[in-house]
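> The following block contains the structure, expressed as structure tokens.
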Amino acid sequence: QVQLVESGGGLVQPGGSLRLSCAASGIFFSFYAVGWYRQAPGKQRELVASISDAGITNYADSVKGRFTISRDNAKNTVYLQMNRLKPDDTAVYYCNAVRPTRNYWGQGTQVTVSS
């Protein structure tokens with residue numbers, strides 16, 4: 001059974017930092033492209049950052065220079081380091097792992113940026 005489990009969300013003040021983790025079981029994460037998505041209330045889910053199986057990264061313009069995606073294949077985990085957080089970053093963050101004919105989602109973790 002495949003599971004993606006996100007963790008690391010929480011309440012943080014504007015300007016603060018959080019590191020999200022996405023731990024996989026039942027699959028070898030190294031064979032998958034992994035993306036972090038977020039969905040704020042009343043908005044569509046959007047791609048925040050992605051990392052290919054080769055380690056190539058891409059970021060949404062809104063988070064470039066503030067967020068960093070990385071992977072530790074030995075731990076079967078992908079991270080999202082979020083710095084200089086803004087209230088607009090408030091959302092549920094989801095991890096997604098894809099490869100041809102496979103697509104898995106985690107349950108999400110809430111990130112709230114508020115003073």
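The values are calculated or read from the model by the stated rules, or taken from the named source; none is laboratory data. Note that the coordinates shown come from a computational prediction; the quantities given were computed from them, not determined experimentally. Every residue, glycine as well, gets a Cβ built from its backbone with ideal geometry; the counts of neighbours run over all protein chains shown. Protein only, heavy atoms only, side chains kept; ligands, DNA and RNA dropped before computing areas. Shrake-Rupley method; radii C 1.70, N 1.55, O 1.52, S 1.80 Å.
> Report, by residue number, each residue of the range 61-115 that is hydrophobic (A, V, I, L, M, F, W, C) and modelled with pLDDT under 95. So that I can check it myself, show each step before the final result.
Applying the first criterion (hydrophobic (A, V, I, L, M, F, W, C)) to the range 61-115 yields 63, 67, 69, 74, 78, 80, 82, 85, 91-92, 95, 97-98, 105, 111, 113.
Across the range 61-115, the qualifying residue is only Ala74.
> If you don't mind, another one. Taking the condition in a strand (DSSP E or B), touching a Lys or Arg at 6+ places or on another chain (Cβ under 8 Å) and closer than 17 Å to Val113 by Cα, does Tyr37 pass? Talk me through it step by step, then tell me what you get.
Details: in a strand (DSSP E or B): yes; touching a Lys or Arg at 6+ places or on another chain (Cβ under 8 Å): yes; closer than 17 Å to Val113 by Cα: yes.
When the stated conditions are applied, Tyr37 passes them.
> Considering the range 24-50 alone, what residues qualify as being touching a Phe, Trp or Tyr at 6+ places or on another chain (Cβ under 9 Å), within 21 Å of Asn83 (Cα to Cα) and of a type outside the set (Lys, Arg)?
Start the filter on the range 24-50 by keeping residues that are touching a Phe, Trp or Tyr at 6+ places or on another chain (Cβ under 9 Å), which leaves 24, 26-27, 32, 35-39, 45-50.
Those still in the list that are within 21 Å of Asn83 (Cα to Cα) too: 35-39, 45-50.
Scanning the range 24-50 gives Gly35, Trp36, Tyr37, Gln39, Glu46, Leu47, Val48, Ala49, Ser50.
> Still on this structure: Mind checking which pairs have a first residue in the range 1-18 that is touching a residue at least 24 places away in the same chain (Cβ under 8 Å) and in a loop (DSSP other than H, G, I, E, B) and a second that is open to solvent by 30 Å² or more (accessible area, probe 1.4 Å) and of a type in the set (Phe, Trp, Tyr), Cβ under 6 Å, 6 or more apart or different chains?
Close Cβ pairs satisfying both conditions: Val2/Tyr104.
> Of all residues in the range 62-92, how many are open to solvent by 60 Å² or more (accessible area, probe 1.4 Å), among the aliphatic types (A, V, I, L, M) and part of a strand (DSSP E or B)?
Here the count works out to 0.
> For the range 102-114, check the following and say yes or no: at least one residue is surrounded by 15 or more Cβ atoms within 10 Å (Cβ to Cβ), in a strand (DSSP E or B) and without any contact (Cβ under 8 Å) to a residue 40 or more places away in the chain.
Among the residues of the range 102-114, not one is surrounded by 15 or more Cβ atoms within 10 Å (Cβ to Cβ), in a strand (DSSP E or B) and without any contact (Cβ under 8 Å) to a residue 40 or more places away in the chain, which makes the answer no.
> Show the residue pairs meeting these rules: Cβ distance below 6 Å; 6+ apart or different chains; first residue within the range 20-33 and under 11 Å from Ile51 (Cβ atoms); second residue among the β-branched types (Val, Ile, Thr).
Cys22/Val78; Ala33/Val98
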